Amino acid sequence: MKGKTGSFLKGSEFYLLLVIAGLSAVLTFTTENFFSLENLFDVLVSYSFVGILAVGLLVVLISGGIDISFTATATVAQYVMATVITQHGGGWGTAFLLASAIGIALGILNAVLVHHLRVHSIIITIATLNVFYGVLIFVTRGKWIYNFPDWFASGFSLFDFSANDGAVYSLSLPILVLLVVLAMTGFLMNRTSVGRQIYAMGGNMDAARRMGFRLFRLHLFVYGYMGFLAGIAAVVQAQIVQTVAPNSIVGRELEVVAAVVLGGASLAGGMGTLFGTVLGVALIAVMQNGLILLGVSSYWHKVVIGLVILMSVSITAYNRKREERRHAEIDV
Amino acid sequence: MKRNNLLELRNISKRFHGVQALKQVDFNLRVGEVHCLVGENGSGKSTLIKIISGVYTPEPGGEIAIDGVPQPHLTPAGSIQLGIQVIYQDQSLFPNLAVAENIGISQHLEPGRRLVNWKRIREMARETMSKIGVSLDLDRLVEQLSIADRQIVAICRAMATDARLVIMDEPTSSLTRQEVDALFKVVRDLQDKKITTVFVSHRLSEVMEIAERVTILRDGVKVGTYDAGEMDDRRLAYLMTGQEIDYSTVTEDFNREKAVLEVNNLSKKGNYRDISFRLHEGEILGITGLLGSGRTELALSLFGMNPADTGQIVVDGETVHLTSNQEAIARGIGYLPEDRLTLGLVMDQPVSGNLILTILDKLLNRVRFIDGEKRRSRVTRSIDDLSIRVSDPEDPVNALSGGNQQRVVLAKWLATRPKVLLLDSPTVGVDVAAKTGIYDIVKRLAAHRMGIILISDEVPEVLHNCHRILSMRKGRLVGEYFPHQTSEKVLSQKINEG
């Protein structure tokens, strides 16, 4: 089976795992709270949102495109969903259906523009990011939404258990949704024809066209799926923070791009695995969490993340060079 | 033996924006034959292929029949369904996917299929490979394969869909002799299975080797279809170009007294061993050998890019230690790389910019900016000297034909006025007429007292254009030949043995 998924630990994933393990070890000894169930679950919950978006972006990157607009998509979906359930009521079904439908609609708009204008998707989605977000701010005048119904505030959870410290932990909504999204996307990309066509298209678009792939449909699917996950992530984020602020999500898109690229996905398309993406998000999560626990000023967080990305990219580039050199010697 | 026609084209014409690409061409293919389609660049070969594969529709009056059934509205999908598969020059593979998935990719496109049956895809790949008698690791990514193996994957993919006609566009242009042999074996196996192959090629000697029939196109008109048996490459070249090609050996003399390059006991571990030779002023020295014989590595050492471990290089009487190409250029050594498309030119930059790339420092004015006047005169002179066909020097290089691109690379190096010029397979992928042009240039340069090393695995090329030929095998020099004392047959035997 397995194209890229075959080798469980590819080089870059192995290094990532090593870095995460090293970082975790250091943080365990230098901070009081890093190595605790409480902190682990906190980090899991707060990064589930980034994780879900990263999975969606991974699919877009594999297809050979990129989407920057997903934070605006998520914001629009979140605002409409929150308005409806605070004013008209409803349940989890309403929330998820509404948010994902709006996400899919905006994603499809991206797909149509990307496919028909034949302009690089980074330009298109930067433009739609501004349009989606601008329209939302204009219509809502930036008003926040708080008064969520009780069911939305309490969320839901599975497998409650009490730890030695007396606190109760459980798989809460954000964690559950993240796990479902991971499983679903894993199945999609490795087991369905559509998923494999997306890999193929990202590897060689011209060849896909000549083979008779329906590229427009694939584009609709890819950007629609990104929008769908942006909608899902929007509900999760609203549930965690219990407020909807139009400006709380937009601006985080580069953090997500960084996580996916750290995880080994290529901006050139055709490459990337779910496991790598999970590791990429984990690295960013551990880093930011560690910096907070160490009491480092938040202004330094971005500097550190930037440096880690540079380092990781350098290691990958160095390895590729070494690989090429080895090949060259065999050829002689 | 009379065989049925698989495909018949009658009275096919095609015009693009007023340019007549094909004019009333008749063409037929028999079941199970190997048919070569030859012609220079722009002769209409690819237009014809695209008409067969349904990408272009012929003008009214043209007829296409497959198995005797008229196909007035052939589409790409329809043509694939009728068993026509085209292997494009770039192979159209998915580099990021494994061998098995590339071969079985059509499975993903089957109507109604939603889930991937990995077992079926692997079986399909294995079956197809055994059908044509090859074996590759199913799990290797295609990007890790050699060009030849990729070619095999492309063929397998075509075969996996029950192809009856496989059209290969320039399949050998980037293959070595051994790889070509392997490919030919596959083509013969296809023939045994009654599968028709159309071969589009520039390499006339190969065409003669594999084809049963040859169709020649010139300027969009069919010159004729001939049995390969009644053809030889001279006649073929004549029919393709309409000109007699000069097949004499080099007669101009060179200065035997003065060596411009002397190589003594040069060795590099894993590359080549104990290489010694002299190159004289005005001499064209051929170096030939299979890929992996160390010829390219040696050339790179002489150009400073692959420094030797031991031994001595003497340029113009002076011992030099070359550790970079800048040093080599400064010592008067020029290099025309094997893959002119990636190494020799900045493809999307203007012709003029490429021409002056090696001599920027000579064009500077007092404030160290590039002097517009000097630049212009330099560019005009280069274009005239080498008769590069370009409508505007500011056109990008990739708008030129292969032969003209080659001249631009040559001009670029000539501007540095080298004493020694290394040419590595200068005519790969270039058609007959353009080749002749390049050979003329090479001879002209030699007449200007430049010493030239011509590396090539095409025997006729070294035989007709060199004063002397050295052959390499497994990193060693194993023979020295003089063109007037040897023949093509003897020489190719020597090179391919062992």
Contact list please: Cβ distance under 7 Å, first residue in region B:445-461 and not assigned by TED's automatic domain parsing to the domain that holds B:Ala237 and surrounded by fewer than 22 Cβ atoms within 10 Å (Cβ to Cβ), second residue part of a loop (DSSP other than H, G, I, E, B) and at pLDDT 90 or above, pairs at least six apart or on different chains. B:Ala447/B:Gly282; B:Arg449/B:Gly282
Would you tally the residues in region B:278-295 being within 14 Å of another protein chain (Cβ to nearest Cβ) and touching a strand residue (DSSP E or B) at 6+ places or on another chain (Cβ under 6 Å)? 4
So, of the residues in region A:2-22 that are buried (at least 17 other Cβ atoms within 10 Å of the Cβ) and at pLDDT 50 or above, which turns out to be nearest to B:Trp118 (Cα to Cα)? A:Lys10
Evaluate region A:319-330: report whether one residue or more is surrounded by fewer than 20 Cβ atoms within 10 Å (Cβ to Cβ), more than 19 Å from A:Ile52 (Cα to Cα) and among the β-branched types (Val, Ile, Thr). yes
Among the residues in region B:165-182, are any farther than 17 Å from A:Ser193 by Cα, within 11 Å of chain A (Cβ to nearest Cβ) and in a helix (DSSP H, G or I)? no
Which pairs turn up if I take residues in region A:112-135 that are more than 16 Å from A:Glu253 (Cβ to Cβ) and look for partners that are aliphatic (A, V, I, L, M) and surrounded by 14 or more Cβ atoms within 10 Å (Cβ to Cβ) with beta carbon separation below 6 Å, at least 6 apart in sequence or on another chain? A:Leu113/A:Ile124; A:Val114/A:Ile124
Can you name every residue in region B:16-53 that is in a loop (DSSP other than H, G, I, E, B), surrounded by fewer than 23 Cβ atoms within 10 Å (Cβ to Cβ), of a type outside the set (D, E, K, R) and touching a strand residue (DSSP E or B) at 6+ places or on another chain (Cβ under 7 Å)? B:Val31, B:Gly32, B:Ser53
How many of the residues making up region A:159-218 are more than 8 Å from chain B (Cβ to nearest Cβ) and among the charged types (D, E, K, R)? 5
When you scan region B:89-107, how many residues do you find that are within 7 Å of chain A (Cβ to nearest Cβ), crowded, with 18+ Cβ neighbours inside 10 Å and not β-branched (Val, Ile, Thr)? 7
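Yes or no, residue by residue, for (1) in contact (Cβ under 8 Å) with a residue 60 or more places away in the chain; (2) facing chain A (nearest Cβ under 8 Å); (3) aliphatic (A, V, I, L, M); (4) more than 20 Å from B:Val86 (Cα to Cα):
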position: B:Val116; (1), (2), (3), (4): no, yes, yes, yes
position: B:Lys119; (1), (2), (3), (4): no, no, no, yes
position: B:Glu123; (1), (2), (3), (4): no, no, no, yes
position: B:Ile132; (1), (2), (3), (4): no, no, yes, no
position: B:Asp137; (1), (2), (3), (4): no, no, no, yes
position: B:Val142; (1), (2), (3), (4): no, no, yes, no
position: B:Val153; (1), (2), (3), (4): yes, no, yes, no
As an exercise: evaluate A:His120 against (1) out of contact with any strand residue (DSSP E or B) (no Cβ under 8 Å at 6 or more places or on another chain); (2) at pLDDT 90 or above; (3) within 14 Å of chain B (Cβ to nearest Cβ) and give the number of the one condition it does not meet. (3)
Out of curiosity, is A:Ala258 under 28 Å from B:Glu143 (Cα atoms), within 12 Å of chain B (Cβ to nearest Cβ) and either more than 13 Å from the chain's Cα centre (by Cα) or not in a loop (DSSP other than H, G, I, E, B) (or both)? no
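Would a scan of region A:292-306 turn up a residue that is within 14 Å of another protein chain (Cβ to nearest Cβ), among the polar types (S, T, N, Q) and not in a helix (DSSP H, G or I)?
Within region A:292-306, the first condition is being within 14 Å of another protein chain (Cβ to nearest Cβ), and the residues that meet it are none.
Within region A:292-306 (the criterion being within 14 Å of another protein chain (Cβ to nearest Cβ), among the polar types (S, T, N, Q) and not in a helix (DSSP H, G or I)), the answer is no, since none of the residues qualifies.
Test of understanding: among A:Gly103, A:Gly51, which residue is closer than 21 Å to A:Val194 by Cβ, touching a residue at least 40 places away in the same chain (Cβ under 8 Å), of a type in the set (Gly, Ala, Ser) and buried (at least 23 other Cβ atoms within 10 Å of the Cβ)? Spell out the reasoning first.
On the way: A:Gly51 fails: closer than 21 Å to A:Val194 by Cβ.
The unique qualifying residue is A:Gly103.
How about region B:76-133: which of its residues are aliphatic (A, V, I, L, M), outside any helix (DSSP H, G or I) and more than 27 Å from B:Thr172 (Cβ to Cβ)? Outline the logic, then answer.
First, pick out the residues of region B:76-133 that are aliphatic (A, V, I, L, M): B:77, B:80, B:82, B:84, B:86-87, B:93, B:97-100, B:103, B:105, B:109, B:115-116, B:121, B:124-125, B:129, B:132.
Retained after the next criterion (residues that are outside any helix (DSSP H, G or I)): B:82, B:84, B:86-87, B:93, B:97-98, B:115-116, B:132.
B:Leu115, B:Val116, listed by residue number.
Can you find even one residue in region B:409-419 that is over 13 Å from B:Gly334 (Cβ atoms) and either outside any loop (DSSP other than H, G, I, E, B) or out of contact with any Lys or Arg (no Cβ under 7 Å at 6 or more places or on another chain) (or both)? If you could, list the steps in order and put the result at the bottom.
If we filter region B:409-419 for residues that are over 13 Å from B:Gly334 (Cβ atoms), which is where we start, we get none.
No; the residues of region B:409-419 include none that is over 13 Å from B:Gly334 (Cβ atoms) and either outside any loop (DSSP other than H, G, I, E, B) or out of contact with any Lys or Arg (no Cβ under 7 Å at 6 or more places or on another chain) (or both).
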Does region B:69-82 contain at least one residue that is at pLDDT below 85, in contact with a helix residue (DSSP H, G or I) (Cβ under 8 Å, 6 or more places away or on another chain) and within 27 Å of B:Leu400 (Cα to Cα)? no
Give the residue that is farthest from B:Ala447 (Cα to Cα), with candidates limited to residues of region B:260-274 that are crowded, with 16+ Cβ neighbours inside 10 Å, more than 14 Å from chain A (Cβ to nearest Cβ) and in contact with a Gly (Cβ under 8 Å, 6 or more places away or on another chain). B:Leu266
Residues of region B:103-129 being among the small types (Gly, Ala, Ser) and farther than 15 Å from B:Arg157 by Cβ, which ones? B:Gly112
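The values are calculated or read from the model by the stated rules, or taken from the named source; none is laboratory data. Since this is a predicted model, take the numbers as computed values, not measurements. Every residue, glycine as well, gets a Cβ built from its backbone with ideal geometry; the counts of neighbours run over all protein chains shown.
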